[in-house]
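Just below is one structure, and these are the notes that go with it.
The values are calculated or read from the model by the stated rules, or taken from the named source; none is laboratory data. Quantities reported herein were computed from a predicted structural model and do not represent experimental measurements. No Cβ is skipped: glycine too gets one built from the backbone with ideal geometry, and neighbour counts run over all protein chains shown.
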Amino acid sequence: MPTVLERLNFALQHVMETDQRVYLLGEDILDPYGGAFKVTRGLSTRFPERVLTTPISESAIVGICNGMAMRGLRPVAEIMFGDFVTLIADQLINHAAKFRWMYNDQVRVPLVVRAPMGGRRGYGPTHSQSLEKLFLGVPGLRVIAPNSLADPADLLESAILQDEGPILFIEHKLLYTCPLLEAGKGDLADLQIEKIGLQNPAYILRFTASAQADLTIAAYGYNFELARAAALKLAYEYEVFAEIVLFSQLSPFELSPLFDSVRRTKRLLTVEEGTLTLGWGAEVAAQAASVVPNLKIRRAAALDLPIGNAKTLEDAILPSLDKIIQLALETRA
Amino acid sequence: MIRTVWFGSGEFVRLLLCYIMPAVTNTQGIMYICDCDGYNSNLMTQNYDLFRCMLLIRQFEERALAEFSAGKLFGTTHAYIGQEADAAAIFSVAGPDDIVWSNHRCHGHFLAYGGDPYKLAAELMGKATGLVGGRGGSQHIHWRNFYSNGIQGGIVPVATGMALAQKVQKSANIAMVFCGDGTLGEGTLYESLNIAALWHLPILFIVEDNHYAQTTPIEKGVSGSIPARFEAFGIKAFEQDSSDVLILRPTACEAFQYVRNHGQPAGLILHTYRFAAHSKGDDPRDRETIAKLRAEFDPLSIHAPRLSSAELEQAEAEVAAVIDDAFQRAYADPFPLLQ
C-alpha cells in the first residue's frame, strides 16, 4: 500500500493538474529539494508557475494566501514545521477565520495551511510539538488531521477543492512513512470498520469477535497508530476489547460517533500528543461526560513540559504505548 | 462636464478628470485614461467634487463622534478628521475596480471610495442594514472591492495576496493598502514588502503618517526614515507632506500610474495630521498644539477658497442632507438577530 506521504503528494499533483486555481506557497518547496518532508516533491517541476517558494515569512505566506483565496484562487500554504504555526496565528484567527462571518457571509476564504506536527524524531523543544490544540475551537477555522485509514489524498483534495475554508491540515511527521491500512489485512484483520460521514469521515473500529466492547479509545492522526497497537495488545494480552473512534476532523467538534460508542462502553480513553492540560482530550471528555453519566475517563497526552531532545526525555514526555495501556486498564479498575 | 452623483446610487465617479485627459496604455495593454500633469488644473468640477468628498468625510466623522458623546452610539470609532485630503486625492486617481484594504480608521477611505454613508452609519450602529449586517462595526467593513480590518499590519500581506491574484489573473487592477505610522512597527509589513518586491506585485503601500500611533508620538515609535524602509527592498517611494488635496493628487496619481504601468509595488507616504482623538475621547495631546495644527493644516480650509460662495453653500447643503438622511434612516433600522 502507498504511504501517507505518497498519497498527500499525489493529491497535490492531482489538484494542480485538474484546477488552475491551485497554488502552493512555502519555504524550500522547489525541486530538487521538494520541501523539508518531501510532500511537495516534483510539483515545482510540473507546475513551475504555481509553486512559489517563499522567504522565511510564515505570517506573510498565510496572509498572502488569505488574499489569494478571497480573490478566486485556491492557495495551499506549507508551514515547514508545525511549531511555526505560532507565527501564523494572527493570520488564521484574526483574518482567515474571521472574514466570512464578519463580512456577513459575503466572502469565502478557501485556504489550506498544511503543517507537519509531532515529535519522536529528536528535534527538540521547538521542532517536535503538536500545537494544533491552540487552534481548536476557533470559530470559522476547520482543523483536519489525516491518518492511515481515511485516504489522506481524499482528505487533502476535498480540503483544497470542495471546502470553502479556511483549513489547518495537521500532518504528523511519523505518519508520512506509514502505509495506508487495508481492510481485513494486517492490523485490521480482526477489526470491523464503520465509517461515519463522507467528507472528513470518522471511523469506529471494533473487534469482530467481541460483541460488547469494554472501552472506547478516541484518537486522531498518528496517535491512531498507537491507539491501534494498544487496542490489539489489550485484546490479545488482557482480553480487554476496545473500540477505537478515529477522527479526521478535530474542529469544529462533531462527536456523535464517539457518543454512540461511550454510551455502550461507559469508559473513555483519549490519546493525543499535545500537552495534557486543556488539550483536545479534555474537551472530548467533557462533552462525552455530558452525554454519559458516570463515564470513566482517562487521558493519554504529553506531559506539560517542553519536549526534550534526548530520546530518554522525549520518550518520557510523550505518551508511550505502555502508558496508554496502563491508562486503559485504569478505566477498568 | 461630468458630475459626481455618488450617494443614492452609491457610486462615485472617481476618474472624473481622466475623461478629459489623454489615454495611456499599461503593461497589460489595458487602456487607462490618466495624465498626472493634468491634475494641477483648477477645473471647477474637480475642485467642487474634491471639496464635497472631504466635507462629507468631515461631517460624517463629526456626526459619529457627536452621537457617541450623546450616548446614542455604542462601541468604538476612529475619526479621520484632518486627513480627508489623503482619501480625496487617492480615490480621485484610483481605478474603479482597484482593490482597497483599509484599517481601523477606514470611514474616510470608504466614503471617498464611493461607499454609501447610510450603510456605514447603519454598520456603526450595529444595524442589520449595515454594510456587514452589524457583525463588523466601524473597523470591519466590506463592500465591493473595499475591505477593512482592525488588526495593524495583518492586512498588509492579505492585500499583497490580492495583488498576486490580480497579477496571475491578468487583471489591470492593482491593490492598495492603507497603513499608518504606527503600522510601521509590525513585522509582517516588512515580510510583505520583501515578497511584493521579489514577485513584482502590483500593490501600492500607502502610509498615512499622522504623527501619532494612538498616543505615541512618531519620535517614540519610528526610527530612521520611512521612504528608506521601502527603498531598502528596492521599492520606489513617493512622498508628500501636505494637507492640500491639489498637492497630494498629482503625487498619488504618479504612484498609481507607476504601480499600474510597471507592475511593480510602490510606497506612497503622506504626512498628515489627525485633529481628533485616536478613537473617541482618548487624546492626551496638548489642545493648543492641535488647535494650531488645525489652523494651518485643515484640508477643508485650504481647499475652500477655491470654491465660490455659492458652491460652498451648495456643498454644505448637499452634505448636510446626506448625513442627516444616513443617520436618521439608520436609526430607524432594526438590529440583527442571531440566526
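Taken together, the criteria place B:R105 among residues that are in a loop (DSSP other than H, G, I, E, B), crowded, with 24+ Cβ neighbours inside 10 Å and touching a residue at least 60 places away in the same chain (Cβ under 8 Å).
Considering only residues of region A:29-64 that are within 14 Å of chain B (Cβ to nearest Cβ), of a type in the set (S, T, Y) and not in a loop (DSSP other than H, G, I, E, B), which is nearest to B:V168 (Cα to Cα)? Looking at residues that are within 14 Å of chain B (Cβ to nearest Cβ), of a type in the set (S, T, Y) and not in a loop (DSSP other than H, G, I, E, B), I get A:T53.
Checked against (1) within 11 Å of another protein chain (Cβ to nearest Cβ); (2) at pLDDT 95 or above, B:V100 meets all criteria but (1). If you go through region A:246-284 and keep only what is at pLDDT 95 or above and aromatic (F, W, Y), you end up with A:F247, A:F259, A:W280. Taken together, A:G67, A:G82, A:G26 contain a single residue that is within 20 Å of A:A159 (Cα to Cα), buried (at least 22 other Cβ atoms within 10 Å of the Cβ) and more than 24 Å from the chain's Cα centre (by Cα), which is A:G67. Just wondering, is there one or more residues in region B:268-286 that are β-branched (V, I, T) and part of a helix (DSSP H, G or I)? No.
Taken over region A:97-106, the criterion of being crowded, with 18+ Cβ neighbours inside 10 Å and facing chain B (nearest Cβ under 9 Å) is satisfied by A:K98, A:F99, A:M102, A:Y103, A:N104. B:M125 meets all of the listed conditions (1) in contact (Cβ under 8 Å) with a residue 24 or more places away in the chain; (2) within 11 Å of chain A (Cβ to nearest Cβ) but one, namely (2).
Being in contact with a Lys or Arg (Cβ under 9 Å, 6 or more places away or on another chain) and charged (D, E, K, R), is that true of even one residue in region A:231-240? Scanning region A:231-240, I find no residue that is in contact with a Lys or Arg (Cβ under 9 Å, 6 or more places away or on another chain) and charged (D, E, K, R), so the answer is no.
Tell me, yes or no, whether region A:35-53 has at least one residue that is within 28 Å of B:H142 (Cβ to Cβ) and either without any contact (Cβ under 8 Å) to a residue 40 or more places away in the chain or out of contact with any Asp or Glu (no Cβ under 6 Å at 6 or more places or on another chain) (or both). Yes, region A:35-53 has at least one match. Residue check: is A:I160 assigned by TED's automatic domain parsing to the domain that holds A:M68, part of a helix (DSSP H, G or I) and either buried (at least 24 other Cβ atoms within 10 Å of the Cβ) or out of contact with any Lys or Arg (no Cβ under 7 Å at 6 or more places or on another chain) (or both)? Criteria met by A:I160.
Out of B:D97, B:D86, one residue alone is of a type in the set (D, E), in a loop (DSSP other than H, G, I, E, B) and closer than 23 Å to B:M162 by Cβ. It is B:D97.
Only one of B:F91, B:F74, B:F110 is more than 14 Å from chain A (Cβ to nearest Cβ) and not in a loop (DSSP other than H, G, I, E, B); which?
B:F91
Scanning region A:65-95 for residues that are within 12 Å of another protein chain (Cβ to nearest Cβ) and closer than 25 Å to A:K173 by Cα yields A:C65, A:R74, A:P75, A:A77, A:L87, A:I88, A:A89, A:D90, A:Q91, A:L92, A:I93.
Scanning region A:165-189 for residues that are assigned to a loop (DSSP other than H, G, I, E, B), at pLDDT 95 or above and within 25 Å of A:M102 (Cβ to Cβ) yields a single hit, A:P166. Only one entry of A:L234, A:L250 meets the criterion of being more than 26 Å from A:R114 (Cβ to Cβ), of a type outside the set (D, E, K, R) and touching a strand residue (DSSP E or B) at 6+ places or on another chain (Cβ under 9 Å), and that entry is A:L234. Only one entry of A:Q199, A:Q192 meets the criterion of being outside the structural domain of A:I170 (by TED's automatic domain parsing) and modelled with pLDDT under 95, and that entry is A:Q199. Of the residues A:V138, A:V109, A:V113, the single one that is over 30 Å from B:T129 (Cα atoms) and either out of contact with any Lys or Arg (no Cβ under 7 Å at 6 or more places or on another chain) or in a loop (DSSP other than H, G, I, E, B) (or both) is A:V113. Just to be sure before I move on: is A:P146 in a loop (DSSP other than H, G, I, E, B), over 16 Å from A:S248 (Cβ atoms) and in contact (Cβ under 8 Å) with a residue 40 or more places away in the chain in the structure I sent? Answer is no for this residue. Quick one: in region B:113-141, of everything that is among the basic types (K, R) and part of a loop (DSSP other than H, G, I, E, B), which residue is nearest to B:L65 (Cα to Cα)? It comes out as B:K127. Considering A:L12, A:L5, A:L24, the condition of being modelled with pLDDT of 95 or more and either out of contact with any Lys or Arg (no Cβ under 8 Å at 6 or more places or on another chain) or closer than 29 Å to B:E123 by Cβ (or both) is satisfied by A:L12 alone. Tallying residues that are more than 8 Å from every other protein chain (Cβ to nearest Cβ) and of a type in the set (K, R) within region B:134-148 yields 1.
For the structure I just gave you, tell me whether A:F84 is assigned to a helix (DSSP H, G or I), assigned by TED's automatic domain parsing to the domain that holds A:V112, among the hydrophobic types (A, V, I, L, M, F, W, C) and more than 26 Å from A:S128 (Cβ to Cβ). The answer is no for A:F84.
Within region A:120-134, one or more residues are more than 14 Å from chain B (Cβ to nearest Cβ) and among the hydrophobic types (A, V, I, L, M, F, W, C). The condition of being under 30 Å from A:L24 (Cα atoms) and among the hydroxyl-bearing types (S, T, Y) holds for B:Y258.
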